[in-house]
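The values are calculated or read from the model by the stated rules, or taken from the named source; none is laboratory data. What you see is a predicted model, and the numbers here were worked out from it, not measured in a lab. Using ideal geometry, Cβ is built from the backbone for each residue, glycine included, and neighbour counts are taken over all protein chains shown. Areas reflect the complete protein model, heavy atoms only, side chains present, ligands, DNA and RNA absent. Shrake-Rupley method; radii C 1.70, N 1.55, O 1.52, S 1.80 Å.
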Amino acid sequence: MQTKASRTRERMVEAAERVMRSKGLAHTTTKAIAREAGYSEGAIYKHFEGKEELFLAVLTERLPPFVDVLGELPQKAGRGTVGDVLEEVAGAALAFYGESFPMSVSVFSEPGLLARHREEMKRRGMGPQKANEALVAYLEAERDLGRVREDADPEAAAAMLLGACFQRAFFGSFSGKDVIPAQEEGYVAGVVRTLMRSLSPGGE
């Protein structure tokens, strides 16, 4: 059962998502979020240190569950097929990148905001590189099990897979076309199929 405080916090995160989607992170203010949520700006600061912390809450609580998929990778080694796992990761990455681009891209327009965002992510042990690190660890584990070829480069493979998803989401955002996961299954399958030719011990 939700408490009043948790419901208030949830409304604030929902409001932050709406404002950030329409204005981008750089042009979002806590005042605008408070107005959208129906609270005073002071109430925002009872739950969050600022818009940077709110943004991280939006990324982890409101967007497609990419972080959860990455967190499950250690238990996936040796189970199912490597290709199926990579398709799951790629699908989640594409959906996450597609949803987050409209909000996050403006962070690079303000050096001060970017620095604060970087420090907040570092303080929480987060960062975009964590996705690559998690995927590299998974591929290394599969290589140790003999399910990925011995001479494969897990770091390069992770960069290729996630980079392809990132680029696809960027192109979609730039052209004004939403990335719809259900319509991207063919793309994801093609990227993974191509990558598996260099990862599979049998070269298949």
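Does any residue of the range 187-202 turn out to be of a type in the set (D, E, K, R), out of contact with any strand residue (DSSP E or B) (no Cβ under 9 Å at 6 or more places or on another chain) and not in a helix (DSSP H, G or I)?
no
Grab the helices (runs of 4 or more DSSP H) fully contained in the range 51-144, keeping just those with 1 or more residues being of a type in the set (A, V, I, L, M) and farther than 21 Å from Glu155 by Cβ. Quick ask: steps written out before the conclusion?
On the way: elements: 51-61, 66-71, 73-76, 82-104, 111-123, 129-144.
Per the criteria, 51-61, 82-104, 111-123.
Among the candidates Asp84, Asp68, which residue alone is open to solvent by 70 Å² or more (accessible area, probe 1.4 Å) and at pLDDT 95 or above?
Values: Asp68 fails: at pLDDT 95 or above.
One residue alone meets the criteria, Asp84.
Let's see how each residue does on (1) at pLDDT 90 or above; (2) open to solvent by 20 Å² or more (accessible area, probe 1.4 Å); (3) on the phi > 0 side of the Ramachandran plot:
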position: Tyr97; (1), (2), (3): yes, yes, no
position: Ser104; (1), (2), (3): no, yes, no
position: Gly112; (1), (2), (3): no, yes, no
position: Gly125; (1), (2), (3): no, yes, yes
position: Ala156; (1), (2), (3): yes, yes, no
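Scan the range 22-45 residue by residue and report those that are exposed (fewer than 15 other Cβ atoms within 10 Å of the Cβ) and closer than 19 Å to Glu99 by Cα.
Ser22, His27
Can you name the residue in the range 127-148 that is open to solvent by 80 Å² or more (accessible area, probe 1.4 Å) and either without any contact (Cβ under 8 Å) to a residue 40 or more places away in the chain or among the charged types (D, E, K, R) (or both) and, of all such residues, is nearest to Gly50 (Cα to Cα)?
Filtering the range 127-148 for residues that are open to solvent by 80 Å² or more (accessible area, probe 1.4 Å) and either without any contact (Cβ under 8 Å) to a residue 40 or more places away in the chain or among the charged types (D, E, K, R) (or both), the one nearest to Gly50 (Cα to Cα) comes out as Pro128.
Go through the range 24-44 residue by residue and tally those that are part of a helix (DSSP H, G or I) and either touching a helix residue (DSSP H, G or I) at 6+ places or on another chain (Cβ under 7 Å) or among the aliphatic types (A, V, I, L, M) (or both).
Here the count works out to 10.
Within the range 1-21, track down each residue that is surrounded by fewer than 16 Cβ atoms within 10 Å (Cβ to Cβ) and of a type in the set (A, V, I, L, M).
Met1, Ala5
Residues checked against (1) charged (D, E, K, R); (2) touching a Lys or Arg at 6+ places or on another chain (Cβ under 9 Å):
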{"site": "Ser22", "(1), (2)": "no, no"}
{"site": "Pro74", "(1), (2)": "no, no"}
{"site": "Arg79", "(1), (2)": "yes, no"}
{"site": "Val85", "(1), (2)": "no, yes"}
